[in-house]
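The values are calculated or read from the model by the stated rules, or taken from the named source; none is laboratory data. In this text, all values refer to a predicted model and were calculated from it rather than measured experimentally. Here the Cβ positions follow ideal geometry from the backbone for every residue, glycine too, while neighbour counts run over all protein chains shown. These area figures cover heavy atoms from the full protein model, side chains too; ligands, DNA and RNA do not enter into them. Shrake-Rupley method; radii C 1.70, N 1.55, O 1.52, S 1.80 Å.
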Amino acid sequence: MLFTFSFGFHPAIKSYATSLVLPNDVATLYASFAVISIIGELTASPLIAATFSLGLSIGGAALGLPFFVTAVLFLVCGFGSFCARMPNFDDEL
């Protein structure tokens, strides 16, 4: 059930970030999201596999190491998204 809550994170952050940029910068923002998403997918799979392998070799409570690493990464992303603030566009309009 908790896994399904994460499906709305990416569209919600994309929508929020779109409201933070000027209309002529939206394409650049979406291209940046695409590149970051691809980099994340390419690095997450080996990282989770390595932590699972490490957890199996250690044994015991370390079997949950991939879940702990994933939780830490979600916290980092969540903290970064909560630090975003609305810029002052009054001078640029």
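Once neighbouring chains are kept in place and the probe is 1.4 Å, which whole percent of the accessible area of segment 1-83 is contributed by carbon and sulfur? Reported share for carbon and sulfur atoms: 80 percent. Backbone geometry of segment 26-42 corresponds, through the Karplus equation with coefficients 6.51, -1.76 and 1.60 at θ = phi - 60°, to 3J(HN,Hα) couplings of 5, 4, 5, 4, 5, 5, 5, 4, 5, 5, 5, 5, 5, 4, x, 5, 6 Hz, x marking Gly and Pro. Among the listed options (i) 12.3, 37; (ii) 17.3, 59; (iii) 14.8, 47, the one matching Rg and Dmax of the Cα atoms in Å as calculated from these coordinates is (ii). Placing pseudo-labels 7 Å out from each Cα toward the beta carbon at Lys14 and Ser53 gives an inter-label distance of 3.2 nm.
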